[in-house]
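*Asks:* Supplied in structure tokens, the structure appears directly below.
The values are calculated or read from the model by the stated rules, or taken from the named source; none is laboratory data. Since the model is a prediction, treat every value here as computed from it, not as a measurement. Cβ placement follows ideal geometry from the backbone for every residue including glycine, while neighbour counts extend to all protein chains displayed.
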Amino acid sequence: MQKEIVSQNQLNQAEEKMIDELLHQMTLDEKVGQLVLENAFAPIDWHAVIQQKKIAEENGLPYEIPLQLNPLITEHIRAGRVSAINSADLRLNNQLQRLAVEESRLHIPLLVGQDVIHGFRTIFPIPLAESCTWDPDLLERASRAAAVEASTVGINWIFAPMVDIARDPRWGRIAEGAGEDPFLGMVMARARVRGFQSGDLPGNRRISACPKHYAGYGAAEAGRDYNTVDMSERTLRDVYLPPFKAAFDAGAGSTMSAFNEIGGVPGTCNTFLLRAILREEWGMQGPVVSDFNAIGELVQHGVATDLREAARLSILAGVDIDLESGAYTKHLAQLVDDGSVPVVIVDEAVRRVLRLKLRLNLFDHPYVDETLAAQHILCPEFQDLALQVSQESMVLLKNDDRILPLRKEGQKIALIGPLAHNRADLLGAWAIGGQASDVQTVLEGFKSYLAENSLVYTQGCAILEDENFEVATAVELAQRSDLVVLVIGESTGMSGEAHSRAHPGLPGRQQELVDAVAATGKPLVAVLMSGRPLVVPRLVQQVDALLIAWHGGIRAGQAIADILFGAVNPSGKLTASWPRAEGQIPVYYAHKSTGRPAEGAGTTQYHDPFRSIYLDEVNAPLFSFGEGLSYSKFEYSRLEVLTPSLSLNGVLKVSAVIKNTSERAGDEIVQLYVRDLVGSVTRPVKELKGFQRVALRPGEERQVVFEVPIEELGFYGSDMKYRVEPGKYRLWIGPNSTSGLEGGFEVLVGRRKLSFLMTHGGANA
């Protein structure tokens, strides 16, 4: 171990010596160039591209975005005025890398970045869906697969994972993260970073992760993208920052600042976030890159008079790399020359960029072997993995009278809905490298189980438009069938960045389609695809079974069929609550108690109206965090609190026995929740503190043991110091956030002593 430490220290010393030498040689313009990210391609009309892509996919035709090389990019690279490019074109990446390494004065290689959110070419389910697996090892493998594919085209910097906590389903970017809970968010952040930064990529390649968006972006007011965020520092530290800290502790090499303001200061010029917390408190050494044109947008925020002022504010705050605003290119050198920005600030930023390039081994291996892509992209191993992730990500929320699994013989099934034979919309948001032609549809998945005379299909209606409204045909097919499977929901383009929805229900005329088919009286199974939790109480009442399939990636069609026909036992559980009504939003399990809490399960209480309730709706969501059904049945018993009292350096140990009481093997996701009953500041009614995925054979039982270090029970107190306070706690072990076996324990250690430990000992904050 000592030898490893010495070796790493020596390596760091060598890196710093090389960086010092490069800095000494650099002109001011070349220093600025190391802080600039440019798109390798000229700007395009994205509205036109989206329309053309849609038309092509509807007609079963391939479509490639009409990219044209940025006419200035080669000149800028030769002159050392560009440090990083945004490109996924293999040959172009090698070509531009050669310009930087062989024709620029200092031969400094390029960072090549790309948004690889849930797969490069092998598209996995959207990250919100992936988190519903509650399987960090599986997510690590999926992230590694994405890194392998991306690395083979020359990408060395992935703008992911998105680790924003999101509790408002109106926000389109909830699709890109792990949902509403900071503990789960921390676990998934670590897994994704480990997967992206796996050190065994083909051709001696390395990739840096870039957790985003730092910070608080998921709390945009009214769920409207880019909107204002205003919260207490305590909420920021307790809820929104922990996944970032976890990602950096896992070794993430960089981060991206957020579009939003927080407390009146935009993330792109927020010194408190970027210097006080990120650098001084956490010691994060990697570079900070702005989001797209975010530096320029400081003018629209109203904190900068012009682009020059925006550049000054951002570099002083700690944004090292300007992503395509042009602010640093146009103004940073002049700001240094006139004394508005100390050159030492620029040198610090350049040092961080160069350090990342060194640790990515780009000076020794700047080029990618162009034969690697064909070997790895869309390989069978990755497609099989995509199928597994899709299967585990889907959440069964209703299964009345055990209508599922479906029989393969002896009944006629009508498959109806705009997403039943749809390729493009299974890819999900931010599937930049994905191709609709790679996708297997639900209809194709069904055909692998049913004979031709046992299956009929019609679209029924479009996702959003009035066109193709074929309700009469749908009703006729339903009447001639024994059972109906409805495949409905959102299109890919209805979630993701800039795709907020004020009314996140079934879009278009799909509810009319459901009403018409339901009126036939035939048993209904609904497969619901979306990039967010939807408000669908009417649908839930109408159907006998409900499977949440999200946007499930290239193998979603097969995964859905595997689950519905029982080849795969569903095991996914929700990581974001589903509201009953828009007026409940935001609704999440880890809320705080008011001074007048609702009694019971949040039912309407007209006998005592002076409570924190709605007059016209219950408080509880339609489906809560952690919910999900299986074809198996599980019984929880024999809760044991093995450490009823905790002292300094203590570990909470608690166990329960989980038994599969059914005749089918299945996986259960066992969850541990804790409540601090009395604190110096108010605490949530429940907080997730552990989970385990347990595979059980029929009749098998297993003792599941949780161990929670005492520091993970802490929070930020009134003095904004992290602490664990003495007192009584409740705990629950159960299948979701609303039920389970209940027990208690006590923390005995003195507040002052433990506060010092947390402040100086590095808790999970």
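*Asks:* Need a quick list: strands (runs of 3 or more DSSP E) entirely within region 604-718 having at least 1 residues that are out of contact with any Cys (no Cβ under 6 Å at 6 or more places or on another chain) and surrounded by fewer than 15 Cβ atoms within 10 Å (Cβ to Cβ).
*Replies:* Qualifying strands (runs of 3 or more DSSP E): 634-641, 651-660, 687-696, 701-709.
*Asks:* In this structure, does Arg194 turn out to be surrounded by fewer than 24 Cβ atoms within 10 Å (Cβ to Cβ), in the same structural domain as Val239 (by TED's automatic domain parsing) and out of contact with any Cys (no Cβ under 7 Å at 6 or more places or on another chain)?
*Replies:* yes
*Asks:* Name, by its number, the condition in (1) crowded, with 20+ Cβ neighbours inside 10 Å; (2) touching a Gly at 6+ places or on another chain (Cβ under 9 Å); (3) at pLDDT 95 or above that does not hold for Arg723.
*Replies:* (3)
*Asks:* Taking into account only those residues within region 221-230 that are surrounded by fewer than 24 Cβ atoms within 10 Å (Cβ to Cβ) and touching a residue at least 12 places away in the same chain (Cβ under 8 Å), which is farthest from Val193 (Cα to Cα)?
*Replies:* Ala222
*Asks:* Could I ask something else about it? Among strands (runs of 3 or more DSSP E) lying entirely in region 382-479, which contain 3 or more residues that are more than 34 Å from the chain's Cα centre (by Cα)?
*Replies:* Numbers: elements: 395-399, 413-416, 455-458.
The strands (runs of 3 or more DSSP E) meeting that bar number zero.
*Asks:* Moving to a separate point now. What's the total number of residues in region 424-482 that are among the acidic types (Asp, Glu) and touching a Ser or Thr at 6+ places or on another chain (Cβ under 9 Å)?
*Replies:* 4
Yes or no, residue by residue, for (1) assigned to a loop (DSSP other than H, G, I, E, B); (2) under 14 Å from Gly195 (Cα atoms):
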position: Gln95; (1), (2): no, no
position: Ala100; (1), (2): no, no
position: Ile108; (1), (2): yes, no
position: Val116; (1), (2): yes, yes
position: Arg121; (1), (2): yes, no
position: Pro125; (1), (2): yes, no
position: Trp134; (1), (2): yes, no
position: Glu140; (1), (2): no, yes
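*Asks:* Any residue at all in region 488-497 that is hydrophobic (A, V, I, L, M, F, W, C) and either in contact with a Pro (Cβ under 6 Å, 6 or more places away or on another chain) or under 28 Å from Ala431 (Cβ atoms) (or both)?
*Replies:* Within region 488-497, one or more residues are hydrophobic (A, V, I, L, M, F, W, C) and either in contact with a Pro (Cβ under 6 Å, 6 or more places away or on another chain) or under 28 Å from Ala431 (Cβ atoms) (or both).
*Asks:* Oh, and also: Within region 447-458, is even one residue under 25 Å from Cys132 (Cα atoms), out of contact with any helix residue (DSSP H, G or I) (no Cβ under 7 Å at 6 or more places or on another chain) and of a type in the set (Lys, Arg)?
*Replies:* no
*Asks:* Could you please tell me which pairs satisfy a Cβ distance under 8 Å, a separation of 6+ or placement on different chains, a first residue in region 570-584 that is under 13 Å from Arg170 (Cβ atoms) and at pLDDT below 95, and a second residue that is in a loop (DSSP other than H, G, I, E, B) and basic (Lys, Arg)?
*Replies:* none
*Asks:* Additional query: Out of (1) hydrophobic (A, V, I, L, M, F, W, C); (2) touching a Pro at 6+ places or on another chain (Cβ under 9 Å); (3) surrounded by fewer than 15 Cβ atoms within 10 Å (Cβ to Cβ), the odd one out for Leu372 is which?
*Replies:* For Leu372, the exception is condition (3).
*Asks:* Report yes if some residue within region 735-751 is over 29 Å from Ser577 (Cα atoms), in contact with a Lys or Arg (Cβ under 9 Å, 6 or more places away or on another chain) and at pLDDT below 95; otherwise report no. Break it down into steps so the answer makes sense when it comes.
*Replies:* Keep residues of region 735-751 that are over 29 Å from Ser577 (Cα atoms), which gives 746-751.
Now restrict to residues that are in contact with a Lys or Arg (Cβ under 9 Å, 6 or more places away or on another chain): 746-747, 751.
Among the residues that remain, those that are also at pLDDT below 95 are: 751.
Scanning region 735-751, I find at least one residue that is over 29 Å from Ser577 (Cα atoms), in contact with a Lys or Arg (Cβ under 9 Å, 6 or more places away or on another chain) and at pLDDT below 95, so the answer is yes.
*Asks:* State yes or no: is Tyr214 under 16 Å from the mean Cα position of the chain (by Cα), farther than 26 Å from Asn93 by Cα, in the same structural domain as Glu324 (by TED's automatic domain parsing) and of a type outside the set (A, V, I, L, M)?
*Replies:* yes
*Asks:* Let me ask something else. With the structure loaded, tell me whether Leu443 is over 28 Å from Gly119 (Cβ atoms) and touching a residue at least 24 places away in the same chain (Cβ under 8 Å) or whether it fails that test.
*Replies:* It is false that Leu443 is over 28 Å from Gly119 (Cβ atoms) and touching a residue at least 24 places away in the same chain (Cβ under 8 Å).
*Asks:* Kindly indicate whether any position in region 273-295 is aliphatic (A, V, I, L, M), outside any helix (DSSP H, G or I), in the same structural domain as Val82 (by TED's automatic domain parsing) and more than 25 Å from the chain's Cα centre (by Cα). Even if it seems obvious, please write down each step before you answer.
*Replies:* Taking region 273-295 as the starting set, the residues that turn out to be aliphatic (A, V, I, L, M) are 273-274, 276-278, 284, 288-289, 294-295.
Going one step further and asking which of them are outside any helix (DSSP H, G or I), we end up with 284, 288-289, 294-295.
Going one step further and asking which of them are in the same structural domain as Val82 (by TED's automatic domain parsing), we end up with 284, 288-289, 294-295.
Filter once more, so that each one left must be more than 25 Å from the chain's Cα centre (by Cα): none.
Taking every residue of region 273-295 in turn, none turns out to be aliphatic (A, V, I, L, M), outside any helix (DSSP H, G or I), in the same structural domain as Val82 (by TED's automatic domain parsing) and more than 25 Å from the chain's Cα centre (by Cα).
*Asks:* In addition: Restricting to region 480-519, count the residues that are assigned to a loop (DSSP other than H, G, I, E, B) and either surrounded by 18 or more Cβ atoms within 10 Å (Cβ to Cβ) or within 27 Å of the chain's Cα centre (by Cα) (or both).
*Replies:* 18
*Asks:* Moving on. Contact list please: Cβ distance under 7 Å, first residue in region 631-647 and under 21 Å from Ile403 (Cα atoms) and in the same structural domain as Ala665 (by TED's automatic domain parsing), second residue modelled with pLDDT of 95 or more and in a strand (DSSP E or B), pairs at least six apart or on different chains.
*Replies:* Going by the 7 Å Cβ cut-off, the qualifying pairs are Tyr631/Gly666; Ser632/Asn660; Ser632/Gly666; Phe634/Ile658; Phe634/Lys659; Phe634/Asn660; Phe634/Glu668.
*Asks:* Examine region 220-240 for a residue that is over 19 Å from the mean Cα position of the chain (by Cα), under 27 Å from Glu582 (Cα atoms) and at pLDDT below 95, and state whether such a residue exists.
*Replies:* no
*Asks:* Ok, one more. Has region 621-633 got at least one residue that is closer than 29 Å to His591 by Cβ, among the aromatic types (Phe, Trp, Tyr) and modelled with pLDDT under 95?
*Replies:* no
*Asks:* Related question: For the subset of region 249-272 comprising residues that are crowded, with 24+ Cβ neighbours inside 10 Å and part of a helix (DSSP H, G or I), which member is nearest to the chain's Cα centre (by Cα)?
*Replies:* Gly267
*Asks:* Would you confirm whether or not region 440-463 contains a residue that is modelled with pLDDT of 95 or more, closer than 21 Å to Asp544 by Cα and of a type in the set (Asp, Glu)?
*Replies:* Checked against the condition, which is being modelled with pLDDT of 95 or more, closer than 21 Å to Asp544 by Cα and of a type in the set (Asp, Glu), region 440-463 yields no hits at all.
*Asks:* Go through region 159-192 residue by residue and tally those that are touching a Gly at 6+ places or on another chain (Cβ under 6 Å) and part of a helix (DSSP H, G or I).
*Replies:* Result for region 159-192: 2.
*Asks:* One residue is enough: does region 670-677 have a residue meeting the conditions outside the structural domain of Leu138 (by TED's automatic domain parsing) and within 23 Å of Arg402 (Cα to Cα)?
*Replies:* If we filter region 670-677 for residues that are outside the structural domain of Leu138 (by TED's automatic domain parsing), which is where we start, we get 670-677.
From what is left, the residues that are within 23 Å of Arg402 (Cα to Cα) are 670.
Checked region 670-677: at least one residue is outside the structural domain of Leu138 (by TED's automatic domain parsing) and within 23 Å of Arg402 (Cα to Cα).
*Asks:* Taking region 315-345 only, how many residues are over 26 Å from the mean Cα position of the chain (by Cα) and not in a loop (DSSP other than H, G, I, E, B)?
*Replies:* Summing the residues that are over 26 Å from the mean Cα position of the chain (by Cα) and not in a loop (DSSP other than H, G, I, E, B) in region 315-345 gives 17.
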